[in-house]
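Participant: This is the structure, below, for whatever I ask next.
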Amino acid sequence: MKKNINSDFNRAMSAMFTVPTFKEIFKSGYSDYFVEKINKYRKSIGIRNDTKIKNVVNKTYNYLSLNYRNEYIYKSIIANKIFLEMHDLNNATLINEFRIGRSIADVVIINGTNTVYEIKTELDSPDKLKKQIEDYKKISPKVYLVTHHTLINKYADIINKSSVGLISLSQENNFIVVNEALTDSNFLNNTVMLETLRKEEYSSIIQNYFGSIPQVSNIKFYRECQNLIQQIEPEKFHEMMLKKLREREIEEMNLVQSNNVPFELKHICLCSNPNKIEYQNLFNFLNLTI
């Protein structure tokens, strides 16, 4: 595929691999946006007439992985090479764009512990990294920075002498662990961990730990819960948080792991958690020709 450095083209190709675009496909079995962009840039991508959309997805993804390695390429490799290959989906959960304090972690994998993966592509700036890491450590004993192999030295200097691990994306688009993350629970923060949970999740924790939940108005309920959880040791509360996050199950584990879902779309499926009907809409869309 001929390299195209046009920024509008690159952004359009990137926008095709987004959760909102595929949520429309899961819901209706079609995306006007996706098809319009393919038809507009057909020649640039090298797509012939009467090509199945699943082949278009593959070719577009390969273009991005070679020429415009945006965040989605990294997330996709984390989903496939780390989450799906190295974890039991019965006991693990992947969370995309997870708000932690004032930061948003790119990917968090929950299993026996939780590990944050912060992505810094060649398109990113390191300006907010130190603050992001400070926030992530408040809910996770393990944090990895994932970046391109050409940027390893730059980021190694920034995270020098910390517990943060470093992962390199190789020229062949494989991950290489440069430095293992060290487990560090010293910065766990109950308030920040509480903020990651839904009301029913932290209510259940409080009910189980204290035997009852605050009998106050909805306006005061969260503040009372904040006060109560300060009585729990951070590492203990961390265990409770993990248990609740792991309960956010993948609805169709067999389908997301099947060959019917292309490598390029497994991350989107893990994030969107479609049901059987929505998966069928996706498969129908991928088998259309344009």
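Participant: Is it fair to say Asn174 is under 20 Å from Ser140 (Cα atoms) and out of contact with any strand residue (DSSP E or B) (no Cβ under 7 Å at 6 or more places or on another chain)?
Facilitator: When the stated conditions are applied, Asn174 does not pass them.
The rows are residues; the columns are (1) in a helix (DSSP H, G or I); (2) without any contact (Cβ under 8 Å) to a residue 60 or more places away in the chain; (3) not hydroxyl-bearing (Ser, Thr, Tyr).
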| position | (1), (2), (3) |
| --- | --- |
| Tyr33 | yes, yes, no |
| Asp50 | no, no, yes |
| Asn55 | yes, yes, yes |
| Asn62 | yes, no, yes |
| Lys75 | yes, no, yes |
| Glu85 | yes, yes, yes |
| Asn96 | no, no, yes |
| Arg99 | no, no, yes |
| Val107 | no, yes, yes |
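Participant: Still on this structure, please answer the following. Quick one: count up the residues across the range 179-199 that are touching a strand residue (DSSP E or B) at 6+ places or on another chain (Cβ under 8 Å), aliphatic (A, V, I, L, M) and in a helix (DSSP H, G or I).
Facilitator: 1
This table checks each residue for (1) surrounded by 15 or more Cβ atoms within 10 Å (Cβ to Cβ); (2) in a helix (DSSP H, G or I); (3) in contact (Cβ under 8 Å) with a residue 60 or more places away in the chain.
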position	(1), (2), (3)
Lys81	no, yes, yes
Asn90	no, no, yes
Thr147	yes, no, no
Asn173	yes, no, yes
Val177	no, no, no
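Participant: Sort through Lys138, Lys161, Lys131, Lys154 and tell me the only one that's basic (Lys, Arg), in a loop (DSSP other than H, G, I, E, B) and in contact with a strand residue (DSSP E or B) (Cβ under 9 Å, 6 or more places away or on another chain).
Facilitator: Of the residues listed, the single one that is basic (Lys, Arg), in a loop (DSSP other than H, G, I, E, B) and in contact with a strand residue (DSSP E or B) (Cβ under 9 Å, 6 or more places away or on another chain) is Lys138.
Participant: Return only the number of the condition from (1) in a helix (DSSP H, G or I); (2) touching a residue at least 24 places away in the same chain (Cβ under 8 Å); (3) closer than 18 Å to His267 by Cα that Ala12 does not satisfy.
Facilitator: Failed condition: (3).
Participant: Residue under question is Leu242, and the condition is that it be modelled with pLDDT of 95 or more, within 18 Å of the chain's Cα centre (by Cα) and not in a loop (DSSP other than H, G, I, E, B); does it hold?
Facilitator: Answer is yes for this residue.
Participant: Determine whether Ser217 is free of Cβ contacts under 8 Å to residues at least 60 places away in the same chain, on the phi < 0 side of the Ramachandran plot, of a type in the set (Ser, Thr, Tyr) and out of contact with any helix residue (DSSP H, G or I) (no Cβ under 8 Å at 6 or more places or on another chain).
Facilitator: Against the criterion (free of Cβ contacts under 8 Å to residues at least 60 places away in the same chain, on the phi < 0 side of the Ramachandran plot, of a type in the set (Ser, Thr, Tyr) and out of contact with any helix residue (DSSP H, G or I) (no Cβ under 8 Å at 6 or more places or on another chain)), Ser217 qualifies.
Participant: Okay, next question. In the range 179-200, which residue that is among the polar types (S, T, N, Q) and crowded, with 17+ Cβ neighbours inside 10 Å is nearest to Glu118 (Cα to Cα)? If you could, list the steps in order and put the result at the bottom.
Facilitator: Residues of the range 179-200 that are among the polar types (S, T, N, Q), as a first pass: 179, 183, 185-186, 189-191, 196.
With crowded, with 17+ Cβ neighbours inside 10 Å added as a condition, the list becomes 179, 189-190, 196.
Numbers: Asn179: 14, Asn189: 19, Asn190: 21, Thr196: 17 Å.
Ranking the candidates gives Asn179 first.
Participant: Condition (residue is surrounded by fewer than 16 Cβ atoms within 10 Å (Cβ to Cβ), touching a residue at least 24 places away in the same chain (Cβ under 8 Å), under 16 Å from Val19 (Cα atoms) and over 18 Å from the mean Cα position of the chain (by Cα)) applied to the range 201-210: is it met by at least one residue?
Facilitator: no
Participant: If you don't mind, another one. Within the range 254-282, which residues are surrounded by fewer than 14 Cβ atoms within 10 Å (Cβ to Cβ) and assigned to a helix (DSSP H, G or I)?
Facilitator: Asn254, Lys276, Ile277
Participant: Just one of the numbered conditions (1) touching a helix residue (DSSP H, G or I) at 6+ places or on another chain (Cβ under 7 Å); (2) closer than 30 Å to Phe237 by Cα is not true of Tyr41; which one?
Facilitator: All conditions are met except number (2).
The values are calculated or read from the model by the stated rules, or taken from the named source; none is laboratory data. Fair warning: this is a prediction, and the values are worked out from it, not measured in the lab. Virtual Cβ from ideal backbone geometry, glycine too; neighbours counted across all protein chains shown.
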